[in-house]
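The structure under discussion appears below in the form of structure tokens.
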Amino acid sequence: MKFDFDRVIDLRNTHSAKWDRMEAGTVWRGKEAPVKSTGSTEALDAIPMWVADMDFNVPPPVTAALQAEVDRSVFGYYDTNQSWREAACAWLERRHGWSPDPDWLSTTPGVVSAIGLILQALSEPGDEVMVFSPAYHAFRYIIEANDRVLRNVPMIVEQGRSRIDMQALADMLTPRGKVVILCSPHNPGGRVWEVDEIRAVAEFCRENDLYLISDEIHCDLVYPEARHVPTALAAPGVMDRLITCVSATKSFNLAGAHVSAAVISNPEIKKKVDARMGASGLMSQNRFGMIATEAAWRGGDAWLDALIPYLQANRDHFASRIARAVPGSRAMHLEATYLGWVDFTGTGLEMEDYMERITQRARIGVSPGPQFGTGGEKWMRFNFAMRRALLDEALDRLETAFSDLG
Ligand SMILES: Cc1ncc(COP(=O)(O)O)c(C=O)c1O
């Protein structure tokens, strides 16, 4: 079957956050309202390369399942999520060799909200949550919005790739330390952690009586040179303190579905997390999200298998062209994700200068590195999950915006 990732789809005025809210890089400021960062561009012909969703049509089985619902046109409360949980587990087994028990799955309204519920269930206000930094910015938002304290554990960049600094993690631990969030694969930077690295973090959690949240939302978007190993398989010794968050939404471009799963084998932890969901009235699920994500897990293999080489070609094209377009810049080699992570240190420019060139002259919405915390100060994140022709246009514009530096 042929999937057309080059199709032109006009997403303006479609409630697309990516296309219609081009205040790119809106920065979460914890309990304060999100503020517009300098990543914004409101030009009418702006190209969004910020928030992490793709410009592509979803897998045909997803469209067909939703179409069947529309044809029936009765949208009552959604009953048992048993088949959804089984579809998730079958997917995890097929694609990652992990076969969790469907009874371990709680259906959550997205990974970020799941993390909030988990923090409420397992920690107290004032407790500390460690993330490996630079880290996905919504971790900070949800940690601080729940009155927990974010601890940024800086990673080391070595030979162009990020590495977890176990000494920094140990140095960061205080008696208030309660939870570690491992983003696996990591956003930003696209590292696919090796088994030894996952084990070291897991062992640290076991030794220090910490909960471990493994956010594996990017696990399906891995390039052929790497292999994602679920934390549950890499470090089975921490199953009793592990919560794995997975979702079909990132893999299949269903972010608006807002459905994900928290996989929890420890019944006491699961009971606590489920109790928090109950307290928030989240016992029943969104019909459309459930149907879309189940259809993706059941029938999305061929689409995903076609998507990865398309993204891989975009990744390589983006990395080589940006190095030429912006002299001195360097894209980190991504093992996973479609989120190009570019170091601007070598340009010799101040951030204000290159932000102005990217957002105002090139008219590109981008995610500014500082929003990802320590280590992101001189970086920019560019989403390249778009048709190749648009990616080329973005790169052409960048080339022009930085042409005086050549
Ligand atoms: C690491 C990571 N976790 C979670 C999310 C968002 O998950 P959700 O939309 O299910 O809250 C993202 C989105 O980019 C992400 O990169």
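FYI, it's all coordinate maths here, none of it is from the lab. Computed from a prediction, not measured in an experiment: that's the story for all the values here. Glycine also receives a Cβ, built like all others from the backbone with ideal geometry; neighbour counts cover every protein chain displayed.
For Asn253, the shell of other residues with beta-carbons less than 10 Å away shows a net charge of -1, using +1 for Lys and Arg and -1 for Asp and Glu. With R₀ fixed at 25 Å, the C-beta to C-beta distance from Asp196 to Val157 puts the FRET efficiency at about 0.85. Using R0 = 35 Å, the C-beta based FRET efficiency linking Glu352 and Asp171 works out to 0.60.
Quick check: residue separation of Ser284 and Ser403 times 0.36 nm, minus the Cα distance between them. What number comes out in nm? It would help to have the intermediate numbers written out before the result.
Numbers: separation 119, 0.36 × 119 = 42.84 nm, distance 5.44 nm.
That works out to 37.4 nm of additional length.
Multiplying the residue separation of Val74 and Asp147 by 0.36 nm and removing their Cα-Cα distance gives an extension gain of 22.2 nm. In this simple spin-label model, placing a label point 7 Å from the Cα along the Cα-to-Cβ direction at both Ile9 and Glu93 gives a separation of 3.1 nm. Full extension of the chain between Leu233 and Glu268 yields a length gain of 10.5 nm, computed as 0.36 nm times the residue separation minus the alpha carbon distance.
Using Cβ point charges alone (K and R +1, D and E -1), the dipole size of segment 98-183 about the Cα centre works out to roughly 220 debye.
Peptides 179-185, 86-92 ordered by packing proxy, namely the average of other Cβ atoms within 10 Å per residue, highest first: 179-185, 86-92. Helices that extend 24 Å or more along their long axis by alpha-carbon positions and average at least 0.0 on the Kyte-Doolittle scale are absent among the DSSP H runs of the chain.
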